[in-house]
Amino acid sequence: MNIKVICVGGLKEPFLRDAQKEYQKRLSASCSLEIVELGAKNDLPADRQLIEEGKKILEKAKNGYNIVLCIEGKEMTSEAFAQKVAELSANGINALNFMIGSSYGLSDEVKAAADLKLSFSQMTFPHQLFRIMLLEQLYRAFDILGARKYDK
């Protein structure tokens, strides 16, 4: 399975970069993982920033099954998320694009391009931390699918 995490902005804190490296290492046994960091357009008004970031995100998500991470998306348990990954793989989908917006979120165009809108909670999380949360859930999904015991 090829997984691409498309996100706006880089990880500023060393502990977040370390966590990302750890999950990249762990996931390397289960999938091909690419993290694409796009520059934020901080010099623009928020509405224009979303549009410009959205264009960049969609350019990087041309091939594959597009999963947009947004608060209005569908919530799933870790087990259901793992089953969704398995279902997509069984249906011949071998490329997943996960899209994480900036602190302003994602444009309507990006959300409209989604094959799946996914939410981890009704709560709002910092987009940098959320990237690590996504990587953890991907790792957990592959653990579940591999029938290995995982921590609850």
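The values are calculated or read from the model by the stated rules, or taken from the named source; none is laboratory data. Not measured: the values here are computed from a predicted model. Because the Cβ atoms are built from the backbone with ideal geometry, glycine has one as well, and the counts that use them run over all protein chains shown.
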Completion exercise
Across (1) modelled with pLDDT under 95; (2) buried (at least 19 other Cβ atoms within 10 Å of the Cβ); (3) over 19 Å from residue 135 (Cβ atoms); (4) of a type in the set (S, T, N, Q), residue 63 clears everything bar (2)
Practice task
From 122, 128, grab the single residue that is assigned to a helix (DSSP H, G or I), of a type in the set (S, T, N, Q) and on the phi < 0 side of the Ramachandran plot.
Solution key: 128
Practice task
Determine whether the stretch 73-88 contains at least one residue that is charged (D, E, K, R), closer than 18 Å to residue 3 by Cβ and either surrounded by fewer than 18 Cβ atoms within 10 Å (Cβ to Cβ) or at pLDDT 95 or above (or both).
Solution key: yes
Practice task
Kindly establish whether residue 98 is surrounded by 14 or more Cβ atoms within 10 Å (Cβ to Cβ), of a type outside the set (Asp, Glu) and in a helix (DSSP H, G or I).
Solution key: no
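With the condition kept exactly as written, say whether any residue in the stretch 48-67 is farther than 21 Å from residue 95 by Cβ and not in a helix (DSSP H, G or I). Give the derivation first.
Here is the first cut: in the stretch 48-67, the residues farther than 21 Å from residue 95 by Cβ are 48-53.
Still in the list and also not in a helix (DSSP H, G or I): none.
No, the stretch 48-67 contains no residue that is farther than 21 Å from residue 95 by Cβ and not in a helix (DSSP H, G or I).
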